[in-house]
Every structure is written in C-alpha cells, then in structure tokens.
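The values are calculated or read from the model by the stated rules, or taken from the named source; none is laboratory data. Values in this document were obtained by computation on a predicted structure and should not be read as measured data. We place every Cβ from the backbone using ideal geometry, glycine too, and count neighbours over all the protein chains shown.
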Amino acid sequence: MGTCEMCGSERVSTLLSEISGTRLRCCNTCIESNNLNVLETRKATVAKPRSGSIVKRTYTRNMAKMEKEVISNFHTSIKRAREAKGWTSRDLAKRLNLRLNEIQKVEAGVQPADSVLEKIEKSLDITLFEDNISEPERSVKAPTSRGMTIGDALDEFLGKE
C-alpha cells in the first residue's frame, strides 16, 4: 500500500507508470482513467510472518554495486525454458537439488535468493539478470504529511511554497 503520486490517494495499491516520459507510482483509478503505460506487473505478495517464524529476504546480485537486477518476468522465462526442455517442475527440482514447492513458488512469481536463480540460469541456459539502470533521484520537500503529488512537485519546480 502506498500513496498515488498523481492524485494523492493514500493507502492504495500503486504501480510504476509512465506519463509523458516521467515515471510515477499511480493507483489503478489514475492508470485506467488516463490510459497510462504500466511499467511493472503486480508481484505476488508475501504474508507477514508470524512471530517466531523465519523471515526470508531476497537480494540483488552485487548489492554493494547494484550492477545487476532480476528481470521482471523471470518466472515466465523459467517456466517456458523448462517446458522447452520437456522437464516437469519435479524434474527441475531434482536436477537443482531443491524442493518441488520452491520451484512452484518461483514459477508463480515469488523471487528466491539470487543463488537459486543462478542455479536455474545455468541449468536451463537462460539469462535471469539484467544490468541495473538506475535513474538519479531527487528528494522533494512535501508541504504536508501526505505523500508527494504531481502538483507538489510542480509547485516546488516553479519555486512556489
């Protein structure tokens, strides 16, 4: 849950969208009403762990340098490559010495540790990492406690307070 950077709605699901060459996190209402280009798809959400349970985190390769990141459609690439080789999920799990449910989770879109993705890359002979293209970010002072909107950014850009 976040704040729509276009209309300012709070506690809504947002997706990265492109508006006139600018990338913003927008709610579904703004995306549909303005026919915006969506740059990402929804990722599977992970339920909050209960107290006492283990929290599994995902990492980016070369975290210190942020050189590589996982491709957005890694799960479909894995499934297609596996099916192209004629393997079942169980076959792939056996070849990688992983549990079947781990492979099923990966193919459902849950991102595993990079070491698992690297094993899958080698086994299926596919590429799952791409160069990280990070754009410079600028912090902008928001006039209120709510999230930043386009109007707030425009006011700051024009020098209005």
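Here are the numbers for the structure shown:
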read-out: Count of region 76-117 residues which are assigned to a helix (DSSP H, G or I) and either among the hydrophobic types (A, V, I, L, M, F, W, C) or at pLDDT below 90 (or both); value: 14
read-out: Residue count, region 1-13 (criterion: assigned to a strand (DSSP E or B) and over 18 Å from A153 (Cα atoms)); value: 1
read-out: Residue satisfying all of: in region 89-123; acidic (D, E) and within 24 Å of the chain's Cα centre (by Cα); surrounded by the most Cβ atoms within 10 Å (Cβ to Cβ) among these; value: D114
read-out: Test: residue in region 38-57 that is modelled with pLDDT of 75 or more and either in contact with a helix residue (DSSP H, G or I) (Cβ under 7 Å, 6 or more places away or on another chain) or outside the structural domain of G151 (by TED's automatic domain parsing) (or both); value: yes
read-out: Residue match in region 14-33 (condition: of a type in the set (A, V, I, L, M, F, W, C), in a loop (DSSP other than H, G, I, E, B) and either modelled with pLDDT under 75 or under 19 Å from the mean Cα position of the chain (by Cα) (or both)); value: no
read-out: V70 vs. criteria surrounded by 13 or more Cβ atoms within 10 Å (Cβ to Cβ), at pLDDT 55 or above and over 26 Å from M148 (Cβ atoms); value: yes
